[in-house]
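Presented below is the structure to which this report refers.
The values are calculated or read from the model by the stated rules, or taken from the named source; none is laboratory data. None of these values were measured; they are calculated from a predicted model. All Cβ positions, even for glycine, are placed from backbone atoms using ideal geometry, and neighbour counts span all protein chains on display.
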């Protein structure tokens, strides 16, 4: 079964953000601000990409959606970062309706619309476990009768880490989050064009069956000052402890994230 992941790398969509902007130009100006983009590249390099490159099942496609107005210097830097990763495909689109553009991009990545597939999504500061793709395939097989009877089924992995990268190293703590984007996969039946981007992640259980797994750490939720969810007023700060040597070893084992790499890049 084909597995497809989607990451929006500062794509200036219409909608899809908790903080809105008056014009498409204003959104692009915010997204492409040098300080913000520098942090996005750092988190993408140190948090998102390592585990994708280290997947125990390398048979997947990872689509990175960018705006067609992304400045050339940033586009070149992004292409250089993912060049060693054969699964990565960068797709440029003009600003457009968030869900419609993402749906089109995901369906264009399917080898066969008449065959079922598994889809997942993540932001450019998140990570999935090194066995995430393997687990998606295995667990889809475990619930095959449920998938055969429905247009879509959610595989929800609730255990993970919230992580902030710093010059001193990763600050993180374990968490359990239900139906969060970087901890979910969706099995889509053959012949159906709906995608994991058609649904608000917190509301998927209203529209399809879901199956929950909580046996191991399966995701990292990146935490930084440019998180879209942290731009509104009255957002409570999250205090995270600096990881000790044991925590850093777990981070390397489950996510291929190197704490020394984080210290170098953020230092």
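Things to note:
- Condition broken by residue 33, with the remaining ones in (1) modelled with pLDDT of 95 or more; (2) touching a helix residue (DSSP H, G or I) at 6+ places or on another chain (Cβ under 7 Å); (3) over 20 Å from residue 137 (Cα atoms) satisfied: (2)
- Test: residue in the stretch 172-187 that is touching a helix residue (DSSP H, G or I) at 6+ places or on another chain (Cβ under 9 Å) and over 30 Å from residue 258 (Cα atoms): yes
- Subset of the stretch 144-172 [part of a strand (DSSP E or B) and either loosely packed, with under 15 Cβ neighbours inside 10 Å or more than 20 Å from the chain's Cα centre (by Cα) (or both)]: 166, 169
- If the condition is being in contact (Cβ under 8 Å) with a residue 60 or more places away in the chain, under 13 Å from residue 13 (Cβ atoms) and either exposed (fewer than 13 other Cβ atoms within 10 Å of the Cβ) or in contact with a strand residue (DSSP E or B) (Cβ under 7 Å, 6 or more places away or on another chain) (or both), then the stretch 81-115 contributes 93, 95, 96, 97, 98, 101, 102, 105.
- Residue check, residue 182 part of a loop (DSSP other than H, G, I, E, B) and at negative phi: no
- Residue in the stretch 40-51 that is modelled with pLDDT of 95 or more and closer than 19 Å to residue 106 by Cβ present: yes
- Whichever residue in the stretch 190-201 is assigned to a loop (DSSP other than H, G, I, E, B) and in contact with a helix residue (DSSP H, G or I) (Cβ under 7 Å, 6 or more places away or on another chain) and, among such residues, is nearest to residue 127 (Cα to Cα): 195
- Restricting attention to the stretch 208-217, the residues that are in a loop (DSSP other than H, G, I, E, B) and within 9 Å of residue 154 (Cβ to Cβ) add up to 2.
- Any chance residue 81 is under 17 Å from the mean Cα position of the chain (by Cα), in a helix (DSSP H, G or I) and at negative phi: yes
- Residue within the stretch 66-76 that is in a helix (DSSP H, G or I), under 24 Å from residue 218 (Cβ atoms) and modelled with pLDDT of 95 or more present: no
- Exclusive hit being touching a residue at least 24 places away in the same chain (Cβ under 8 Å), part of a helix (DSSP H, G or I) and touching a strand residue (DSSP E or B) at 6+ places or on another chain (Cβ under 6 Å), set 220, 187, 204: 204
- Any hit, the stretch 85-94, residues being at pLDDT below 95 and outside any loop (DSSP other than H, G, I, E, B): no
- Looking only at the stretch 190-200, and only at residues there that are under 24 Å from residue 222 (Cα atoms) and in contact (Cβ under 8 Å) with a residue 40 or more places away in the chain, the one that is surrounded by the fewest Cβ atoms within 10 Å (Cβ to Cβ): 198
- Qualifying residue in the stretch 127-134 (condition: over 16 Å from the mean Cα position of the chain (by Cα), surrounded by fewer than 19 Cβ atoms within 10 Å (Cβ to Cβ) and under 19 Å from residue 218 (Cα atoms)): yes
- Restricting 121, 61 to those that are out of contact with any helix residue (DSSP H, G or I) (no Cβ under 9 Å at 6 or more places or on another chain) and closer than 29 Å to residue 215 by Cβ reduces the list to 61.
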